[in-house]
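To start, the structure under review is shown below, and the notes come after it.
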Number of protein chains: 2
Amino acid sequence: MGLFLSTIINKVDRKGRVSVPAQFRSTLAGQSFSGIVLYRSFTLPCIEGCGMDYMQRLSDSTQELAAFSPEHEELSSLIFADSRPLPWDPEGRILVPEDLLAHANITETAAFVGKGQTFQIWEPGAHTALLADIRNRAQKSPPTLRLSPAPRPGPSNGGAP
Amino acid sequence: MGLFLSTIINKVDRKGRVSVPAQFRSTLAGQSFSGIVLYRSFTLPCIEGCGMDYMQRLSDSTQELAAFSPEHEELSSLIFADSRPLPWDPEGRILVPEDLLAHANITETAAFVGKGQTFQIWEPGAHTALLADIRNRAQKSPPTLRLSPAPRPGPSNGGAP
DNA sequence: GGATAGGATGGGATACCATGGGATAGCATG
DNA sequence: CATGCTATCCCATGGTATCCCATCCTATCC
């Protein structure tokens, strides 16, 4: 499965339609549902996005964990209640619901921001500001990124040629 | 199998009929029973809903777990006793029994709330209030949603053979 | 530099969905 | 057996989302 990478800014037309970046669409190619799933971020003025398979995984893990964590249960049901499956049209566009646009203060343009397994949709200005802020703080106290070990036992063509 | 996602608010007409959201209907497409199963929530002022297949699964797991968990046994028999299968009409509407509406304080409009494998039906105001509360708490203590690892193509599943 | 393909955008036409109300069939009751 | 009530079907309507087609832009290749 591919990853959502980079930031792409597209227009919101007067009907509320937005083109999902071709790059993102190809990341989701082959999934059962031809479209994306959107829900409002809990903590940020942006829209969270993912594919249906991701939602399915969320559902599966919820089933398992419900017994151990009521909060987890609560939280995931919040997501399910708030998330909209949005199929794209033949041109690769989706119709973004009004309240989602409002939550992220999106009017003219929308920034699709890759987050790896998922992505976010921002009002471009707001996202730029956030990035600048993060970058600023990172400069003062350099962060450390820790990778989990690569699950790569031999045979795959991972060796450097 | 599809998931129940998002929240859709529909009207209850003077005959007590409500349209089951087309989205939910298509989630249930292909099941033997053309309709939904409703029962009163034990803990909340809302109606629990699911497809007939889900009831079947509930029954199956009850058979298996009965020996280990008497509570599960009791709980599911409560559900079965209270459940009503409600077929939808050619337009996709169901006739919701009076006592269910009363239990959820539903009069004019009903909110169909996706919960993944199942869904709930709420009086829209009551549900909004509950969600706001959950969202509030989620905002204060940043939620950590932990997914079970993605079904990664390769050696990952099942540990080291 | 020019041609080309894929992607993004705009707008009109159409099908689908939620809703309302009348007509009809099924059921229980007296 | 008659009567009244309820549930189901059928048709009509308004609004919206979806499709389809045309245009434009940009990155790419020759």
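Go through B:Leu5, B:Leu95, B:Leu78 for me and flag whichever is away from every other protein chain (no Cβ under 14 Å) and within 14 Å of DNA strand D (Cβ to nearest atom). Give the steps one after another, and end with the answer.
Numbers: B:Leu5 fails: away from every other protein chain (no Cβ under 14 Å); B:Leu78 fails: within 14 Å of DNA strand D (Cβ to nearest atom).
Sole residue among the options that is away from every other protein chain (no Cβ under 14 Å) and within 14 Å of DNA strand D (Cβ to nearest atom): B:Leu95.
Find the residue count for the range A:28-45, including only residues that are modelled with pLDDT of 95 or more, buried (at least 19 other Cβ atoms within 10 Å of the Cβ) and either within 28 Å of B:Asn136 (Cα to Cα) or away from every other protein chain (no Cβ under 13 Å) (or both).
6
Residues are listed down the side, and each one gets a yes or a no for (1) at pLDDT 90 or above; (2) buried (at least 16 other Cβ atoms within 10 Å of the Cβ); (3) part of a loop (DSSP other than H, G, I, E, B); (4) polar (S, T, N, Q):
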| position | (1), (2), (3), (4) |
| --- | --- |
| B:Phe80 | yes, no, no, no |
| B:Pro90 | yes, no, yes, no |
| B:Ile94 | yes, yes, no, no |
| B:Ile106 | yes, yes, yes, no |
| B:Ala111 | yes, yes, no, no |
| B:Gly125 | yes, no, no, no |
| B:Thr128 | yes, no, no, yes |
| B:Arg137 | no, no, no, no |
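Within the range B:85-100, track down each residue that is more than 14 Å from B:Val12 (Cα to Cα) and more than 16 Å from DNA strand C (Cβ to nearest atom).
Passing the criteria: only B:Asp99.
Please count how many residues of the range B:12-55 are over 12 Å from the mean Cα position of the chain (by Cα), of a type outside the set (A, V, I, L, M) and more than 13 Å from DNA strand C (Cβ to nearest atom).
Matching residues across the range B:12-55 total 10.
Checking A:Phe119 against (1) in contact with a Ser or Thr (Cβ under 7 Å, 6 or more places away or on another chain); (2) within 13 Å of A:Glu48 (Cβ to Cβ), which test does it fail?
(1)
Only one residue in A:Ser59, A:Ser83 is within 10 Å of another protein chain (Cβ to nearest Cβ), within 16 Å of DNA strand D (Cβ to nearest atom) and either in contact with a helix residue (DSSP H, G or I) (Cβ under 6 Å, 6 or more places away or on another chain) or within 20 Å of B:Ile134 (Cα to Cα) (or both), so which one is that? So that I can check it myself, show each step before the final result.
On the way: A:Ser59 fails: within 16 Å of DNA strand D (Cβ to nearest atom).
It is A:Ser83.
Away from DNA strand D (no atom under 16 Å from the Cβ), of a type outside the set (Ser, Thr, Tyr) and assigned to a helix (DSSP H, G or I), is that true of A:Glu71? Lay out the reasoning, then the answer.
Details: away from DNA strand D (no atom under 16 Å from the Cβ): yes; of a type outside the set (Ser, Thr, Tyr): yes; assigned to a helix (DSSP H, G or I): yes.
Taking the combined requirement at face value, the residue satisfies it.
Tell me the residue from A:Glu73, A:Glu48, A:Glu64 that is of a type in the set (Asp, Glu), modelled with pLDDT of 95 or more and closer than 25 Å to B:Phe119 by Cβ, please. Spell out how you get there, then give the answer.
On the way: A:Glu73 fails: modelled with pLDDT of 95 or more; A:Glu64 fails: modelled with pLDDT of 95 or more.
Just a single option satisfies the conditions, and that option is A:Glu48.
Do we have any residue at all in the range A:26-37 that's assigned to a helix (DSSP H, G or I), under 21 Å from A:Ala110 (Cβ atoms) and hydroxyl-bearing (Ser, Thr, Tyr)?
Checking the range A:26-37: at least one residue is assigned to a helix (DSSP H, G or I), under 21 Å from A:Ala110 (Cβ atoms) and hydroxyl-bearing (Ser, Thr, Tyr).
The values are calculated or read from the model by the stated rules, or taken from the named source; none is laboratory data. Model, not experiment: these values are computed from the prediction. As a convention, Cβ positions derive from the backbone with ideal geometry for all residues, glycine included, and neighbour counts pool all protein chains shown.
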